[in-house]
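Report on the structure given below.
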Amino acid sequence: MRKYSELVAQTASRDAATEGTVRTAVALGMDLVRMSVHTGACPMCIPLQGKIYSISGRNPNFPPLTDDVRTPLHPRCGHSINPVSETALRLSGEHDRIAAFSRDPDRAVDNGPQYNDFRLGRGGTGRTEEYLTAWSERLGRKVPALAEQRLASYPIAPG
């Protein structure tokens, strides 16, 4: 009974977190969310991880966030969703690549480094330093030290 109780609590907590994320994004005027990526995802989750979804379903560039793709996808699902700014995607040069990836049900990534390499549009290890370097190159200047330290303390693809 204890294991079942843990399963229910864990899944309900993840569901509540998703609902909170969606409501907060909408309150902030954001319509896009990205599903997290992690190694060891189940076959049900792999085709969906890393993809961006439109909360309202009205963004023509991204598929709608339906119950079929809303986390948690199953009991003990470790995925989460995070708000994404379409403007930031455009500024980073990721928009068109990520939009096409998100609309294609046959494209998938099965781990964080692979997804980061895809996002960067080149090969590499998917390390935080490469991500920061890519942003610095796009911005034409060095990312400020405080931002660099803060970014370095977080995983690129939570999961």
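Out of Arg14, Arg23, I need the residue that is surrounded by 13 or more Cβ atoms within 10 Å (Cβ to Cβ) and basic (Lys, Arg). Which one?
Just a single option satisfies the conditions, and that option is Arg14.
Of everything in region 42-77, what is more than 14 Å from the chain's Cα centre (by Cα) and modelled with pLDDT under 85? Give them in sequence order.
Hits for region 42-77 are Cys42, Pro43, Met44, Leu73, His74, Pro75, Arg76, Cys77.
For region 54-70, does any single residue satisfy the condition of being in contact with a Gly (Cβ under 8 Å, 6 or more places away or on another chain) and over 18 Å from Ile98 (Cβ atoms)?
Checked against the condition, which is being in contact with a Gly (Cβ under 8 Å, 6 or more places away or on another chain) and over 18 Å from Ile98 (Cβ atoms), region 54-70 yields at least one hit.
Take the conditions assigned to a helix (DSSP H, G or I), among the small types (Gly, Ala, Ser) and either at pLDDT 85 or above or more than 25 Å from Thr21 (Cα to Cα) (or both) and apply them to Ala147. Does it pass?
Considered against the rule, which asks whether it is assigned to a helix (DSSP H, G or I), among the small types (Gly, Ala, Ser) and either at pLDDT 85 or above or more than 25 Å from Thr21 (Cα to Cα) (or both), Ala147 comes out as no.
Looking at region 84-99, which of the residues that are of a type in the set (Ser, Thr, Tyr) and within 19 Å of Ala25 (Cα to Cα) is farthest from the chain's Cα centre (by Cα)?
Step by step, filter region 84-99, then rank; the result is Thr87.
Can you tell me which residues in region 30-57 are β-branched (Val, Ile, Thr) and out of contact with any Pro (no Cβ under 7 Å at 6 or more places or on another chain)?
Val37, Thr39, Ile46, Ile52, Ile55
The values are calculated or read from the model by the stated rules, or taken from the named source; none is laboratory data. Just so it is clear, the structure is predicted and the values come from calculations on it, not from any experiment. Here Cβ is always computed from backbone atoms with ideal geometry, including for glycine, and neighbour counts include all displayed protein chains.
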